[in-house]
Amino acid sequence: MGMSPLLIDTVEYRNEFAQSLGFTAASPNMMANHAGSFAAVIDAAGDSDSFNLCTQLCGKSGTVAIIGIP
């Protein structure tokens, strides 16, 4: 058990790099059917679109962490 990290990025080469390191990677539009599927979501992009996606993906009583916003 435990958590499996998933990287979501709009830039394809970053997704490919993450996959080369062993992460699962996806683009935001691939996540449309996964609303409420995650217990914890971390936003490191810091814009409103990424924050909205995080809150959609996080399940009830889940945790959304926002990193890097001044």
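Label positions at residue 14 and residue 47, each projected 7 Å from the Cα along the C-beta direction, are separated by 1.0 nm.
Would you mind working out the magnitude of the charge dipole of the chain relative to its Cα centre, with +1 at each Lys and Arg C-beta and -1 at each Asp and Glu C-beta, to the nearest 20 Debye? Walk me through the numbers before you get to the answer.
Working: 2 positive and 6 negative charges, 53 e Å.
The calculated dipole for the chain is roughly 260 debye.
Tell me the carbon and sulfur percent of the accessible area for the stretch 8-70, rounded to whole percent, probe radius 1.4 Å. Carbon and sulfur together cover 55 percent of it.
With all protein chains kept in place, the per residue accessible area of the chain amounts to 75 square angstrom at a probe of 1.4 angstrom. Once C-alpha pairs closer than 8 Å and six or more residues apart are averaged by separation and normalised to the residue number of the chain, the relative contact order reads 26 percent.
The values are calculated or read from the model by the stated rules, or taken from the named source; none is laboratory data. Since this is a predicted model, take the numbers as computed values, not measurements. Cβ coordinates were reconstructed from backbone atoms using ideal geometry, including for glycine residues, and neighbour counts include every protein chain displayed. All accessible areas refer to the heavy atoms of the entire protein, side chains included, with ligands and DNA or RNA removed. Shrake-Rupley method; radii C 1.70, N 1.55, O 1.52, S 1.80 Å.
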